[in-house]
Amino acid sequence: MSTILEMRSITKEFPGVKALAGVDLDVTEREIHAICGENGAGKSTLMKVLSGVYPHGTYTGDIVFEGDTMRFGSINDSEDRGIVIIHQELALVPYLSVAENIFLGNETRNRFGLIDWNDANQRAAELLARVGLHENPTTPVSQLGVGKQQLIEIAKALSKKVKLLILDEPTAALNDTDSAHLLDLLRTLRAEGITCIIISHKLNEIADIADRTTIIRDGQTIETIDMADPASTQDRIIRGMVGRDIENRYPHRTPDIGDEVLRVEDWNVDHPTQAGRQIITDASFHVRAGEVVGIAGLMGAGRTELAMSIFGRSYGRNIRGKIFKDGKQIQVRDVAEAISHHIAYATEDRKQYGLNLLDDIRHNVSSAGLGKLSPNGWVNGNEELKVAEEYRESLNIKTPHVLVNVGKLSGGNQQKVVLSKWLYTDPDVLILDEPTRGIDVGAKYEIYTIINKMVAAGKAVIVISSELPELLGISDRVYTLAFGRITGEVPVADATQERLMELMTIERDQPLPTKELKS
Amino acid sequence: MNVIAGARDLMTRHLRESGIFVAFAALVILFAALNPNFLSANNLTNIILQYSYILILAIGMVMVIVAGQIDLSVGSVVALTGAVSAVVVIRMGMPWYVGVIAALVVGLLVGMWQGFWVAYVGIPGFIVSLAGMLLFRGLTYLVLDNVSLSPFGGTYYEIANGFFNGLLGGMGFDVFTLVIFGIAVAGYAVSQWRSRQGKIAYQQSVESMPTFIVKIVAVAAVVMWFGYQLSTYRGLPLVLVILAVLIIVYALVTQKSVFGRHIYAVGGNRHAAELSGVKVRRINFWVFVNMGVLASVAGVVYSSRMNAAQPAAGNMFELDAIAACFIGGASTTGGVGRVGGAMIGGLIMAVMSNGMQLMGVPQSIQQVVKGLVLLLAVAFDIWNKRRAAAAR
């Protein structure tokens, strides 16, 4: 078999960050090639270089595809050569039909320059059959689930005569059945002669499907391993991805746990628009001063919904339950009230919900605690600048000064701005929703250090995370959330990933295990 | 951070804003060179009297735009409030101030009406104010029975046509006008000095002392020259005082008050603002209420200037006000824009209209030129943003 794609010493820099530092990748024809690496290792950047999202000239190094050196100026150029990328966030237009989506931007026209929809629907139906999706091509995409939408993306790629298909975390949002179906489809496509690159965090999935795996860490290729080789174990991949002992990924902390700060009892939340659909059911939990409590749950378990409904009813309706702060029951009817009770919530999606990307660091830092700067309705601009500078120093936000727009910062530095903003409100309880999502390994360590400083100062911290090793590394106690119910509470000393995963997958109608441990 | 780097950094960060100042200065110089009458006392006074109401509208409009909304109804509101005032003063024979108060109350109610639909029902401002544009125009016709009412005369007429003159005597120029301008310049210098001292106290970088002095002297020279020109003609226009007070108050409100900062937060990222404890609905409501009130102020000024209320008054004013904001650097997606920028944007429109009128350029060409300027200003804004993004 011959090499279809070769990427040689690809280097891509952003101001202040070297995202890729000489990555090599070679992909053989008709293979499924997995790329592994931690968040921020450079996988997605590499694929964006390959597909022309970052055009030729913005990176250094060579891309050789089918023996020719490629200079893609845009994603259209790479698609013309048969390289198609399917992003993690699906790029379908919800109100258009399946067929319209498949041929979007690629419509074939009849001799009058009009689209022949009968022909298009017919060809769409053929493509759908190839990906094993039994849906009418005229159905609007919004009526289909994520798993089916993923298949439509693949059908769309097939319509473009794809030779090399790139899938970025294709199964992240899928359930087990849909995932299995997708992986089967990839095998079928391989048999039909299509080469696949798959980016995934799910190691068992990679072990299952990949022919070879390339491991990337901190913007460099670590190794490419043949999965048929018995030495290619998951442990070996993890070692390559992490590159150091697991213990060192989390700064050490000696817990000094005080009194209970926040207690939530019998919390129930309904879906904001679908009447009668319960998102959170009878959730009760508490957190104490100087304690880091983790909340573990799979996607869709209701983690963010739980946190936001507590934080001033920012999510859901028909919210029932009690909140106690320092032993006294409190009312938290809106965000302002939550802040006045010294509760803070740092969102999982900092760009959409956490920051004003048009404004500078200074104004973002003060945005939730503006009242402190303006005793009579007028903002003390000098004091504001001083505050922002203090946080820049203490949280090590890497920027020359605080008048830089936050849109220009890296993910890690943006997250530090979000944390600064909430620290400035003098919180007693911080709910951190995916605090290290999308940021690189070094910055993660810094965020953990900041969390440690928070609890050392006597604050209570709740961390929501989908990365179990992270929760095990930084928490004192972990609650598991599944289908809107808290299904377990485990002191970190007794917790393993397997144990947590077991609790995280208890379905709605299954009984809960009796509480084994009470800390 | 050294001073030079700081200055250069300021220049790049404020390229958009400083670019507007340069463009404005270039326009003034261009028209002055083309027509010697352009900088005459008479013409400068005229520019102020003719465009003051657009500038007043632009103050409110820039806040609406920063909040991520738009208000297309202000032209109709100018007509409606002027009409109500005319009915009260001319038809009912009430004193001038009752007319002013009636107009302001109508503006307040209009603002509350639109604010309600935008903030609490969640209809985009574009739609609400498009409806309002028809609604308030129709009400104007109803109030006026389809005919113009004139003249106001008396004190009401003086609001937009009166001058402070001769209060302290004159020697070929009005001393009072110069005194007021002198106080304004002194006030400017003092506030700049205090802000500089404040920055030093908080250990921030400031421009060097010579730069600072040159800046103050240059501003003072231009302002005093302008004041002198006015004083040799008819003195200080009353409407300029109204405008100056509004600009100062709203510049402070937008930049230094919590309310102002919340407007920027809502326009910049509504969800983030909500999760930071900003009451988004309340902010949107009050932004529209404020716009309604300012539109009624413009309505009073305009009806006074015309000495009449006409059914078709204020037609297309909304477009001039919106253009002023965008030329002045406001972002079409909200979150960015300043009162000062909108004022310069409005003055650019004013200077262009006036300059072209003086040169006898036909109305048709004037429209074409103004349209192109608006388009190019926003194109420059987008190009500038893309350049900034590419530098990442």
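What the phi angles of region A:442-447 give under the Karplus curve with 6.51, -1.76 and 1.60, with θ = phi - 60°, is a coupling list of x, 5, 4, 4, 5, 4 Hz, glycine and proline written as x.
Restricting to bridges with both residues inside region A:79-203, how much of the DSSP beta-bridge set is antiparallel, in percent to the nearest 5?
Around 20 percent antiparallel, to the nearest 5.
Anyone know which of B:Leu374, B:Leu142, B:Leu49 comes out most mobile in the 10 Å Cα GNM of chain B? The residue that fluctuates most here is B:Leu142. Taking amide H atoms as placed 1.01 Å from N in the peptide plane, the amide H of A:Ile4 lies under 5 Å from those of A:Val27, A:Thr28, A:Glu29, each 5 or more residues away in sequence or on another chain.
Here's the picture: charge each Lys and Arg Cβ at +1 and each Asp and Glu Cβ at -1 in the protein assembly as shown, and of A:Leu472, A:Thr273, B:Val110 the one pushed furthest to the positive end of that dipole is B:Val110.
What does the highest-first list of A:226-232, A:120-126 look like by mean Cβ count within 10 Å? If you can, show how the numbers build up before the last one.
Values: A:226-232: 11.3, A:120-126: 17.9.
The most tightly packed comes first, giving A:120-126, A:226-232.
Within the same chain, lysines fewer than 8 places from B:Lys215 are excluded, and of the rest, those with a Cα less than 20 Å from its Cα are B:Lys199. For peptide A:366-376, the mean count of partner chain Cβ atoms within 10 Å of a residue's Cβ comes to 4.
For the residues of B:196-209, the average number of beta carbons from a partner chain within 10 Å of their own beta carbon is 2. Taking every C-alpha pair closer than 8 Å and separated by at least 6 residues, the mean separation divided by the residue count of region B:166-233 gives a relative contact order of 50 percent. The charge dipole of region A:3-248, taken about the Cα centre with unit charges on the Cβ atoms of Lys, Arg (+1) and Asp, Glu (-1), comes to about 460 debye, rounded to the nearest 20. Computed from backbone phi with θ = phi - 60° and the Karplus coefficients 6.51, -1.76 and 1.60, the 3J(HN,Hα) list for region A:408-417 is 8, 8, 6, x, x, 5, 4, 5, 5, 5 Hz; x is used for glycine and proline. For chain A, the longest principal axis of the C-alpha atoms and the axis of helix A:117-130 are separated by about 80°. Per-residue packing, averaged as other Cβ atoms within 10 Å, sorts the ranges A:432-439, B:182-189 into the order A:432-439, B:182-189, beginning with the highest.
Averaged over residues, the count of other Cβ atoms within 10 Å places the peptides B:227-238, A:183-194 in the sequence B:227-238, A:183-194, highest first. In this structure, the amide hydrogen of A:Arg288, modeled 1.01 Å from its nitrogen in the peptide plane, lies closer than 5 angstrom to those of A:Val261, counting only residues at least 5 positions away or on a different chain.
Shown in residue order for region B:264-269 are the 3J(HN,Hα) couplings computed by the Karplus curve 6.51 cos²θ - 1.76 cosθ + 1.60 at θ = phi - 60°: 5, 5, 5, x, x, 6 Hz (x for Gly and Pro). For region A:3-248, averaging the sequence separation of C-alpha pairs within contact (under 8 Å, six or more residues apart) and dividing by the residue count gives a relative contact order of 27 percent.
In this assembly, the A-B interface accounts for approximately 2700 Å² of buried accessible surface in total, computed with a 1.4 Å probe and without ligands, DNA or RNA. What residues qualify as long-range amide H neighbours of A:Gly297, i.e. H under 5 Å apart, gap of 5 or more or another chain, H built at 1.01 Å from N? It is A:Ser465, A:Leu481, by chain and number. Dividing the helix sum by the residues of chain A, where each DSSP H run of 4 or more adds -39500 (n - 2.57), gives a mean residue ellipticity at 222 nm of -9000 deg cm²/dmol. In straight-distance terms, cross-link reach from A:Lys148 covers every one of the lysines whose alpha-carbon lies under 30 Å from its own, apart from those fewer than eight places away in the same chain; here that gives A:Lys43, A:Lys48, A:Lys156, A:Lys160, A:Lys161, A:Lys163, A:Lys202, A:Lys351. Reachable lysines from A:Lys453, Cα under 20 Å, same-chain residues fewer than 8 places away excluded? Counting by Cα, and skipping residues close in sequence, A:Lys453 has these lysines nearby: A:Lys398, A:Lys416, A:Lys421, A:Lys444.
Tally the DSSP beta bridges in the protein assembly as shown and give the antiparallel ones as a percent, rounded to 5.
60
Simple point charges give the picture: +1 on the Cβ of Lys and Arg, -1 on the Cβ of Asp and Glu, and for region A:309-441 a dipole about the Cα centre of about 420 debye. Normalised by the number of residues in chain B, the mean separation of alpha-carbon contacts (under 8 Å, six or more apart) gives a relative contact order of 34 percent.
Counting only DSSP beta bridges with both residues in chain A, what percent are antiparallel, rounded to the nearest 5?
In chain A, approximately 55 percent of DSSP beta bridges are antiparallel ones.
In this Cβ point-charge picture (+1 for Lys and Arg, -1 for Asp and Glu), the protein assembly as shown has a dipole of about 2980 debye about its Cα centre.
At a threshold of 30 Å², the residues of region A:337-356 that become less accessible to a 1.4 Å probe in the full protein assembly than in their chain on its own are A:Gln352, A:Tyr353, A:Asn356.
The values are calculated or read from the model by the stated rules, or taken from the named source; none is laboratory data. As the structure is a prediction and not an experimental result, all values here were calculated from the model. Ideal geometry is used to build each Cβ from the backbone, glycine not excepted, and the neighbour counts take in all protein chains shown. When the accessible area is computed, the model is the full protein with side chains, heavy atoms only, and any ligands, DNA or RNA have been set aside. Shrake-Rupley method; radii C 1.70, N 1.55, O 1.52, S 1.80 Å.
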